[in-house]
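Report on one structure; see the data block that follows.
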Amino acid sequence: TQSQWIPWQSCPYSASLSEIRKAYHRKALRHHPDKNTSDHSYFCLITEAYAVLSSVKKRNVFDTHGEDGLKEKCNHRFRMDQDIARIFREFCGDSDMCTMRGKKRSSSQKHTVFETFCRGPFENRPKDKEVIKELALTLEELHAGLTKRIKITKKVECERNKFRFIERILEIKVRPGWKDGTRITFEREGNVNIDSIPADIVFTIKEKPHPIFERVGDDLMYNVSLSLKNSLVGSDIIVPLIDSPRGLDVRLPPLIPPGFSRVIPFHGMQNQKDGAKRGDLILKFSVCYPESLTPQQIESLRKILPDH
């Protein structure tokens, strides 16, 4: 029945081939006959389970019809000497030490086989080159944080030159304050090939350009353009904020020169390492001069403005 196989898996029915291999590896290490001679029957059971669940065809039948369906539809008969040799080749490579069926092994050879197995699946295989994908996020998303669920499709070589395509949902928990270039790695989630270790899938954060803010570290820069009049006499402005639609009321003093900056503390981006910290909002001022003045305006300015 399904109940006698699934508990050792420690993973859901939707587990990928990589997850099934890891689950089998953990259990097999604990119950391998070279380590625990009393666990031979249980080792056979979990090995048979792996032989079924690592085969696409058998797994589909098992999920639908159970163990009885395997025997009826797939003529499933577990042969310990043949199946364990195939499985050990997956974990140990093509070494002769993994295929010594029918041969008497010395204690040192047993140790070598077990040590090779302990190194884990794919140990002797090259690893595919990592797959890099871009995850574009707004400043608002990077400030507040969010969870992104991304669907990927990967090709799985279940038998030599026989493939199937499976869909996986990768969940990325974006932490508040993450920066452009942050990398999120999903180990061995790439295409599964018999002769290589699946590639890591790496998502890199790409910060989308913002229409009004420029990010510098945890600080946000905001350009304020003032008329000549307001730069001379002062004014009240509303400054937009990254986390509030209302904005912030700011009173400007008279005589603000071009290039002047004003810092509004704790209104920048969240700090990714310490949620209690935030950057600053920095206002950078520019002054817009009029394109022309009438003779009367020029004369009035001469009378009003000092010479020095």
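Among strands (runs of 3 or more DSSP E) entirely within the stretch 145-234, having at least 1 residues that are open to solvent by less than 20 Å² (accessible area, probe 1.4 Å) singles out 146-159, 162-174, 201-207, 213-216, 219-227. Taking each residue of the stretch 126-138 that is among the small types (Gly, Ala, Ser) and looking for partners that are open to solvent by 70 Å² or more (accessible area, probe 1.4 Å) with beta-carbon atoms closer than 6 Å, six or more apart or interchain, yields 136/206; 136/208. Taken across the stretch 258-266, residues that are open to solvent by less than 50 Å² (accessible area, probe 1.4 Å) and either basic (Lys, Arg) or in contact with a strand residue (DSSP E or B) (Cβ under 8 Å, 6 or more places away or on another chain) (or both) do occur, with at least one present. Among the conditions (1) under 28 Å from residue 245 (Cβ atoms); (2) touching a helix residue (DSSP H, G or I) at 6+ places or on another chain (Cβ under 9 Å), the only one that residue 280 does not satisfy is (2).
Residue 237 fulfils the conditions (1) in contact (Cβ under 8 Å) with a residue 60 or more places away in the chain; (2) closer than 30 Å to residue 287 by Cβ; (3) β-branched (Val, Ile, Thr); (4) open to solvent by 20 Å² or more (accessible area, probe 1.4 Å) except for a single criterion, (1). None of 215, 246 is of a type in the set (Lys, Arg) and more than 23 Å from residue 134 (Cβ to Cβ) except 246.
The values are calculated or read from the model by the stated rules, or taken from the named source; none is laboratory data. What you are looking at is a predicted structure, and each value in this text was computed from that prediction instead of being measured. As a convention, Cβ positions derive from the backbone with ideal geometry for all residues, glycine included, and neighbour counts pool all protein chains shown. What goes into the accessible areas is simple: the full protein's heavy atoms, side chains included, and nothing from ligands, DNA or RNA. Shrake-Rupley method; radii C 1.70, N 1.55, O 1.52, S 1.80 Å.
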